[in-house]
Amino acid sequence: MLHHLEIWVDDLATSTASLGWLLTRLGYRIQSQWDNGISYQHGSHYIVLESGPDVLHELHDRRLPGLNHLAFSLPSAQLVETVASDALNHGFTMMFADKHPHAGGPDHYAAYLEDQAGFEVELVAAPAPGEN
């Protein structure tokens, strides 16, 4: 079971405005804050955004070895659309817009978003009851 995820970011304020906004929109709550970071908790796990003195100040490139993206399950396609639309006002752009909402295949309903720092987030609609 995942205990926590720590994401080092170039600019904490920028990432808090995008990734932090998204986490709170998805139901995470701010657990703690300090000079170089903030943690968001949901249930028994938490996600940290940190920009401490050891962070190399470069944009994240999801194509390099390491974290490619975070994917979150949402209960409906309608909520995927609502959150994705709101995210465009919080520093995100829509990836694969020409294939939205089926960029992951015809049976996969999702929005792929990228923030200004290069972090990708996938919002996945949970299948309706009886679907796989």
| message | Scan the range 113-124 and tell me whether some residue there is surrounded by fewer than 17 Cβ atoms within 10 Å (Cβ to Cβ), touching a Leu at 6+ places or on another chain (Cβ under 8 Å), within 17 Å of Leu19 (Cα to Cα) and outside the structural domain of Trp34 (by TED's automatic domain parsing). | response | yes
| note | Counting only strands (runs of 3 or more DSSP E) wholly inside the range 63-132, the ones holding at least 1 residues that are touching a Phe, Trp or Tyr at 6+ places or on another chain (Cβ under 6 Å), closer than 17 Å to Arg25 by Cβ and touching a residue at least 40 places away in the same chain (Cβ under 8 Å) are 110-115, 120-125
| request: Identify, from the list His102, His90, His108, the residue that is closer than 19 Å to Ile7 by Cα and modelled with pLDDT of 90 or more. | output: His90
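The rows are residues; the columns are (1) in contact with a helix residue (DSSP H, G or I) (Cβ under 8 Å, 6 or more places away or on another chain); (2) within 29 Å of Gln33 (Cα to Cα); (3) of a type outside the set (A, V, I, L, M).
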| position | (1), (2), (3) |
| --- | --- |
| Leu56 | no, yes, no |
| Arg62 | no, yes, yes |
| Ser73 | no, yes, yes |
| Leu79 | no, yes, no |
| Ala84 | no, yes, no |
| Gly91 | yes, yes, yes |
| Met95 | no, no, no |
| message | Take the residues in the range 78-102 that are surrounded by fewer than 17 Cβ atoms within 10 Å (Cβ to Cβ) and among the small types (Gly, Ala, Ser); name whichever of them is farthest from Arg62 (Cα to Cα). | response | Ser85
| request: Look at Ser73 and say whether it is modelled with pLDDT of 95 or more, in the same structural domain as Asp11 (by TED's automatic domain parsing), among the small types (Gly, Ala, Ser) and surrounded by 13 or more Cβ atoms within 10 Å (Cβ to Cβ). | output: no
| said: For the range 21-44, give me each residue that is outside any loop (DSSP other than H, G, I, E, B), surrounded by 14 or more Cβ atoms within 10 Å (Cβ to Cβ) and aromatic (Phe, Trp, Tyr). | reply: Trp21, Tyr40
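The values are calculated or read from the model by the stated rules, or taken from the named source; none is laboratory data. Remember, predicted model here, so these are calculated numbers, not experimental data. Every residue, glycine among them, receives a Cβ derived from its backbone with ideal geometry; neighbour counts consider all protein chains shown.
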